[in-house]
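Engineer: If you scroll down you'll find the structure; I have some questions about it.
The values are calculated or read from the model by the stated rules, or taken from the named source; none is laboratory data. Computed from a predicted structure; not experimentally measured. Reconstructed Cβ throughout: ideal geometry from the backbone, glycine too, with neighbour counts over all protein chains shown. Just so you know, the surface numbers come from the protein's heavy atoms only, side chains and all, with ligands and any DNA or RNA stripped out. Shrake-Rupley method; radii C 1.70, N 1.55, O 1.52, S 1.80 Å.
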Amino acid sequence: MNKVFNSFDEAVSDIPDNSTLMIDGFAGPGGTSQNLIAALRNLGSKNLTIISNTAGLASVIGFGTLPGQTPVDIGVLVENNQVKKVIASFPVSPSPSRPTAFEKAYAKHEVELELVPQGTLAERIRAGGAGIPAFFTPTGVDTRVSEGKEIREFNGKKYVLETALKADFALIRAYQSDRLGNLVYKGTSKNFNSVMVTAATISIVEVDKIVETGAIESALIDTPLLYVDRIVEIKENNER
Amino acid sequence: MKDRLNREIIAMRVAKELQDGDVVNLGIGIPSLCSQFIPEGKTVIYHSESGVLNYGPMAEEGFEDQDLINASGQFLAPVDGMSFFSSSDAFAMIRGGHIDVTVLGALQVSKSGDLANWMIPSRGIGNVGGAMDLAVGAKKVIVAMEHNDKNGSSKIVNECSFPLTSKSCVSLIVTDIAVIQVVKSGLQLLECAPGWTKEDVQNETEVELIFEKGIKEFTL
């Protein structure tokens, strides 16, 4: 069992056209698998469905971007016409005057959008990884996002039925992995990453550092190894 | 023209509502300013959808860390006692009733406390983000916003014409001219900005406000 890949290109090489992918990160470059996204851009797979919190914000509005950084995000896949549909909670720039690649493509009807409240998105992904096909949530009742969905009352309050999300591949950034694939995340870069890694058939993880097994204290492991299929270490010259 | 209060003063007035020990989630815009104005002697615990609890001040220039942000994309300083968690945990805290107060911006608030804050219809697309979850999950929803939009129209309306975030969720509205409480029978004016009478506020407001005794000048 060897999960360690030597290059990002190799780690994404079998992602075919028409795949569904979960791509991590909250909005900024922190916790975003920028190197795997760049490799997928080079591979050129088309007709992708992307499940992510945003549809690419960091590259346009510098959300959480450090001075001098040029982040890679889902925007590069949209610009390269690889994306058919995005499932997201925060798909466009907060300032309409600075539209993202996704918003431009959406205006031209080149991509589809399924807008999902952020907590519902996280829970749909969690459910996908946990074998729960659907669940009821109070979020979105009496709004557009619950149109056409089953509403049921529990204890006098209305809830909407939401279904689980799964993916063929997840692209994940973590801080460290051991050789077996046990992961730790850094700071607020855990958010969607530690959920998405559980909900894909193949989870591909880029890490700042691969450490020897045992170097991460067992009690501090965020993601146990069974969720992780491929690991690539970010080398110094890969810059992101 | 009477003076309207600036964004900082609105945030300062909202901060007065926060109680010692409250767990609070602040939205983007005016709400994000509230954390600067917590009175001495009160401890407020901040939560953010980016997966952090008990954050403190923003990071100083030169010490920003891309792995330490709040949901507004601001860089946070590391402080003792802060914790990090997944998005599913962040929203379990929200939906599960563990957040005492959320302060959100708004495009429109209705007479019955309906909130619309995620999409301007003319744009044809918008960001829901965590707003719908916060509006249904937090124990108390405070709206902090300008009273009127750029064209001077009242953002406090009889019925929201913009897509809803959540129905009947708002309990208090703090604007640049008034503090208004949502009560069973409608919207009750509590406070006016300095120099504004209750009639002045009413003139800027689509909804017929309820005037009870004891309307005060904004207190900070």
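Engineer: At 222 nm, what helix-only mean residue ellipticity would chain A give, in deg cm²/dmol to the nearest 500, using -39500 (n - 2.57) for each DSSP H run of four or more?
Structural biologist: -5000 deg cm²/dmol
Engineer: Counting other C-beta atoms within 10 Å, and keeping those with at most 16, which DSSP coil trypsin sites (Lys or Arg not before Pro) do you find in segment A:68-136?
Structural biologist: On the way: sites: A:K84, A:K85, A:K104, A:K108, A:R124, A:R126; in loops: A:K108.
Qualifying residues, ordered by number: A:K108.
Engineer: Of A:V141, B:G152, B:A71, whose Cα points farthest to the positive end of the dipole of the protein assembly as shown (charges on the beta-carbon: +1 Lys, Arg; -1 Asp, Glu; origin at the Cα centre)?
Structural biologist: Among A:V141, B:G152, B:A71, the one farthest towards the positive end of the dipole of the protein assembly as shown is A:V141.
Engineer: Can you give me the solvent accessible area of B:C169 with a 1.4 Å probe, rounded to the nearest 10 Å²?
Structural biologist: 20
Engineer: Under a point spin-label approximation (7 Å from Cα along Cα-to-Cβ), what is the B:F37-A:K209 distance to one decimal in nm?
Structural biologist: For B:F37 paired with A:K209, the spin-label model returns 4.4 nm.
Engineer: If you don't mind, there's one more thing I want to ask. Residue by residue, what Karplus-based ³J(HN,Hα) values in Hz, rounded to whole numbers, does segment A:49-58 have, using 6.51, -1.76 and 1.60 with θ = phi - 60° and x for Gly and Pro?
Structural biologist: 9, 10, 9, 7, 5, 10, 10, x, 10, 4
Engineer: For segment A:133-215, just say rounded, prolate or oblate: build the C-alpha gyration tensor, square-root its eigenvalues into a ≥ b ≥ c, call rounded for a/c under 1.5, and beyond that prolate if a/b exceeds b/c, oblate if not.
Structural biologist: prolate
Engineer: Size of the dipole of segment A:48-189 about the Cα centre, Lys and Arg at +1 and Asp and Glu at -1 on the beta carbon, nothing else charged, in debye to 20? Could the numbers behind the result be given before it?
Structural biologist: Values: 16 positive and 14 negative charges, 39 e Å.
That gives a dipole near 180 debye.
Engineer: Continuing with the same structure: Pick out, from A:T49, A:Q34, A:L113, the residue whose Cα sits farthest towards the positive end of the charge dipole of chain A, with +1 on the Cβ of Lys and Arg and -1 on the Cβ of Asp and Glu.
Structural biologist: In chain A, that residue is A:L113.
Engineer: To continue, here is another question. Classify segment A:173-215 as rounded, prolate or oblate, taking a ≥ b ≥ c as the square roots of the eigenvalues of its Cα gyration tensor: rounded when a/c is under 1.5, otherwise prolate if a/b is larger than b/c and oblate if not.
Structural biologist: Judged from the Cα gyration tensor, segment A:173-215 comes out oblate (a/c at least 1.5, b/c at or above a/b).
Engineer: Now, a different point. Report the FRET efficiency, 1/(1 + (r/R0)^6), for B:T219 and A:K108, where r is their Cβ-Cβ distance and R0 is 51 Å, rounded to 0.05.
Structural biologist: After rounding to 0.05, the efficiency reads 0.50.
Engineer: Considering only DSSP beta bridges where both residues belong to chain A, give the percentage that are antiparallel (nearest 5).
Structural biologist: Within chain A, antiparallel bridges account for around 25 percent of the total.
Engineer: Just to verify a number: FRET efficiency for B:E60 and B:R7, C-beta to C-beta distance, R0 = 25 Å, to 0.05? Please report the intermediate quantities before stating the final value.
Structural biologist: On the way: r = 22 Å, r/R0 = 0.90.
Efficiency, rounded to the nearest 0.05: 0.65.
Engineer: Rank these residues by their accessible area, most exposed first, probe 1.4 Å: A:H109, B:H147. Please list the in-between numbers first.
Structural biologist: Details: A:H109 165, B:H147 0 Å².
From most exposed to least exposed: A:H109, B:H147.
Engineer: Would you calculate the convex hull of the Cα atoms in segment B:163-209 and tell me its volume per residue in Å³?
Structural biologist: Here the figure is 89 Å³ per residue.
Engineer: Using a basic spin-label model with each label point 7 Å from the Cα along Cα→Cβ, how many nm lie between A:K46 and A:K84?
Structural biologist: So the label points at A:K46 and A:K84 sit 1.1 nm apart.
Engineer: Name the long-range amide H neighbours of A:K46: under 5 Å, sequence gap of 5 or more, or other chain; modelled H, no Pro or chain starts.
Structural biologist: For A:K46, the qualifying residues are A:D17, A:N18.
Engineer: With the cut-off at 1.5 for a/c, could you classify segment B:8-109 from its C-alpha gyration tensor as rounded, prolate or oblate? Please list the in-between numbers first.
Structural biologist: Details: a/c = 1.36, a/b = 1.14, b/c = 1.19.
Rounded, since a/c falls under 1.5.
Engineer: Under a Cβ-only charge scheme (Lys and Arg +1, Asp and Glu -1), can you give me the dipole magnitude of the protein assembly as shown about the Cα centre, in debye to the nearest 20?
Structural biologist: 940
Engineer: Just name one of A:M1, B:I9, A:Q82: the one whose Cα is farthest towards the positive end of the charge dipole of the protein assembly as shown (beta-carbon charges, Lys/Arg +1, Asp/Glu -1).
Structural biologist: Looking along the dipole axis, the top candidate is A:Q82.
Engineer: Need one number: % antiparallel among DSSP beta bridges in the protein assembly as shown, to the nearest 5.
Structural biologist: 40
Engineer: Moving to a separate point now. If you take every DSSP beta bridge fully contained in segment B:7-217, what fraction is antiparallel? Give it as a percent rounded to 5. Let's see the in-between values first.
Structural biologist: Numbers: 20 of 39 bridges.
Among the beta bridges of segment B:7-217, antiparallel pairing accounts for roughly 50 percent.
Engineer: Loop only by DSSP, 16 or fewer other Cβ within 10 Å of the Cβ. Give me the trypsin sites (Lys or Arg not before Pro) in segment B:75-157 that pass, ordered by residue number. Walk me through the intermediate numbers first.
Structural biologist: On the way: sites: B:R95, B:K111, B:R123, B:K139, B:K140, B:K150, B:K155; in loops: B:K111, B:K139, B:K150, B:K155.
The qualifying sites are B:K139, B:K150.
Engineer: From the phi of every residue in segment A:70-85, what ³J(HN,Hα) in whole Hz does the Karplus formula 6.51 cos²θ - 1.76 cosθ + 1.60 yield, where θ is phi - 60° and glycine or proline is x?
Structural biologist: Karplus values, whole Hz, x for Gly and Pro: 10, x, 9, 9, 4, x, 5, 6, 5, 4, 8, 6, 9, 10, 8, 8.
Engineer: Volume per residue, Å³, of the convex hull around the alpha-carbon atoms of chain A?
Structural biologist: Spread over its residues, the Cα hull of chain A gives 138 Å³ apiece.
Engineer: How much length is gained on full extension from B:H98 to B:S185, taking 0.36 nm per residue of separation minus their Cα-Cα distance?
Structural biologist: 28.5 nm
Engineer: Here is a follow-up. Rounded to the nearest whole Å³, what is the per residue volume of the convex hull around the Cα atoms of the protein assembly as shown? Kindly include the intermediate steps, with their values, before the conclusion.
Structural biologist: Values: hull volume 71.1 nm³, N = 460.
Here the figure is 155 Å³ per residue.
Engineer: Another question about this same structure. Run lengths n ≥ 4 of DSSP H only: what is the helix-derived mean residue ellipticity at 222 nm for chain B, with -39500 (n - 2.57) per run over all residues, to the nearest 500?
Structural biologist: Taking each H run of at least 4 residues, the total per residue is -3500 deg cm²/dmol.
Engineer: From the cross-link list B:K139/B:K167; B:K111/B:K213; B:K150/B:K216; B:K111/B:K140; A:K186/B:K16; A:K85/A:K209, which pairs have alpha carbons spaced over 22 Å apart?
Structural biologist: On the way: B:K139/B:K167 14 Å; B:K111/B:K213 20 Å; B:K150/B:K216 27 Å; B:K111/B:K140 17 Å; A:K186/B:K16 34 Å; A:K85/A:K209 33 Å.
Pairs exceeding the cut-off: B:K150/B:K216; A:K186/B:K16; A:K85/A:K209.
Engineer: What is the Cα coordinate range of segment B:7-217 on the first, second and third principal axes, sorted by size from largest, in whole angstrom?
Structural biologist: 48, 41, 32
Engineer: Only residues of segment B:22-46 count here: report those whose backbone N is under 16 Å from the spot 7 Å along Cα→Cβ of B:I120, or say none.
Structural biologist: Inside the label zone: B:29-30.
Engineer: How much length is gained on full extension from A:K149 to A:A219, taking 0.36 nm per residue of separation minus their Cα-Cα distance?
Structural biologist: Details: separation 70, 0.36 × 70 = 25.20 nm, distance 4.07 nm.
So the extension gain works out to 21.1 nm.
Engineer: Same structure, new question: What is the average number of partner chain Cβ atoms found within 10 Å of a Cβ in A:99-112?
Structural biologist: For peptide A:99-112, the averaged partner shielding equals 1.
Engineer: Under the definition of Cα pairs under 8 Å and six or more residues apart, what whole-number percent is the relative contact order of segment B:7-217?
Structural biologist: Once normalised by length, the contact order is 17 percent.
Engineer: Using Cα pairs under 8 angstrom and six or more residues apart, how large is the relative contact order of chain A, in percent?
Structural biologist: 22
Engineer: Please give the charge dipole size of chain A, origin at the Cα centre, charges +1 on K and R Cβ atoms and -1 on D and E Cβ atoms. Round to the nearest 20 debye.
Structural biologist: Dipole size: approximately 460 debye.
Engineer: Okay, next question. Subtracting the Cα-Cα distance from 0.36 nm times the residue separation, let me have the gained length for B:I210 to B:N158 in nm, one decimal.
Structural biologist: 17.4 nm
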